Amino acid sequence: MTQKYELYKCEICGGIVEIIHEGESDLVCCGQPMTKMVEKSTDAGSEKHLPVVEKAERGIIIKIGSVPHPMEEKHYIEWIEVFMKDGKVMRIPLHPGDKPEMHIGHSLEDLIQVRVYCNVHGLWSKKLV
């Protein structure tokens, strides 16, 4: 059974699916079951992957890593996703050369969780509540 907001990856083509509505059956891509992605929060490399959330002049800024994450063609943060207490979810795509950060006009108290996806090291998460 799939749960809302879980992420699944195809090990053949690399496609990623986020669950919007819970379901009863397994996800299949390229003729194979998709693999549920596991959120990392304490593994080696966390200094470059865990979100750092800071108060900013107009809301908050989310930076990826206490040590800035590389944003090169072969190694970069593909997206940042934010879960809010009011049920809203926001995601921004990133590309090589972009700054690995997100600015939002909310207070720290509004956030529940931040997830990021590194094209080399996978899914990372920081829970704030």
Can you tell me which residue is nearest to the chain's Cα centre (by Cα) among those in region 33-67 that are within 22 Å of Ile112 (Cβ to Cβ) and of a type in the set (Asp, Glu)? Glu39
Test: residue in region 36-58 that is part of a strand (DSSP E or B) and over 28 Å from Gly105 (Cα atoms): yes
Is there a residue in region 107-129 that is closer than 19 Å to Gly59 by Cα, touching a helix residue (DSSP H, G or I) at 6+ places or on another chain (Cβ under 8 Å) and touching a residue at least 60 places away in the same chain (Cβ under 8 Å)? yes
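Matching residues to (1) of a type in the set (S, T, N, Q); (2) at pLDDT 95 or above; (3) surrounded by fewer than 18 Cβ atoms within 10 Å (Cβ to Cβ):
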position: Glu11; (1), (2), (3): no, yes, yes
position: His21; (1), (2), (3): no, no, yes
position: Gln32; (1), (2), (3): yes, yes, yes
position: Thr35; (1), (2), (3): yes, yes, yes
position: Asp43; (1), (2), (3): no, no, yes
position: His75; (1), (2), (3): no, yes, yes
position: Gly97; (1), (2), (3): no, yes, yes
What residue, among those in region 99-127 that are over 18 Å from Glu73 (Cβ atoms) and charged (D, E, K, R), is surrounded by the most Cβ atoms within 10 Å (Cβ to Cβ)? Arg115
Pull out all pairs, ordered by first then second residue, where Cβ-Cβ is under 7 Å, the residues are six or more apart or on different chains, the first lies in region 27-38 and is closer than 19 Å to Leu123 by Cβ, and the second is surrounded by fewer than 12 Cβ atoms within 10 Å (Cβ to Cβ) and of a type in the set (Asp, Glu). Pro33/Asp26
Return the residues of region 58-79 that are among the β-branched types (Val, Ile, Thr) and under 14 Å from Ser46 (Cβ atoms); say none if nothing qualifies. Ile64, Val67, Ile77
Every residue from region 83-122 that is under 18 Å from Gly65 (Cα atoms), of a type in the set (S, T, N, Q) and not in a strand (DSSP E or B): Asn119
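Among the residues of region 64-72, are any acidic (Asp, Glu) and either in a loop (DSSP other than H, G, I, E, B) or within 21 Å of Glu6 (Cα to Cα) (or both)?
Looking for residues that are acidic (Asp, Glu) and either in a loop (DSSP other than H, G, I, E, B) or within 21 Å of Glu6 (Cα to Cα) (or both), one finds none in region 64-72, hence no.
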Looking only at residues in region 73-82 that are among the acidic types (Asp, Glu) and not in a loop (DSSP other than H, G, I, E, B), which one is farthest from Lys9 (Cα to Cα)? Glu81
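The values are calculated or read from the model by the stated rules, or taken from the named source; none is laboratory data. Here the structure is a predicted model, which means the values were calculated and not measured. Here the Cβ is made from the backbone with ideal geometry for all residues, glycine too, and neighbour counts use every protein chain on show.
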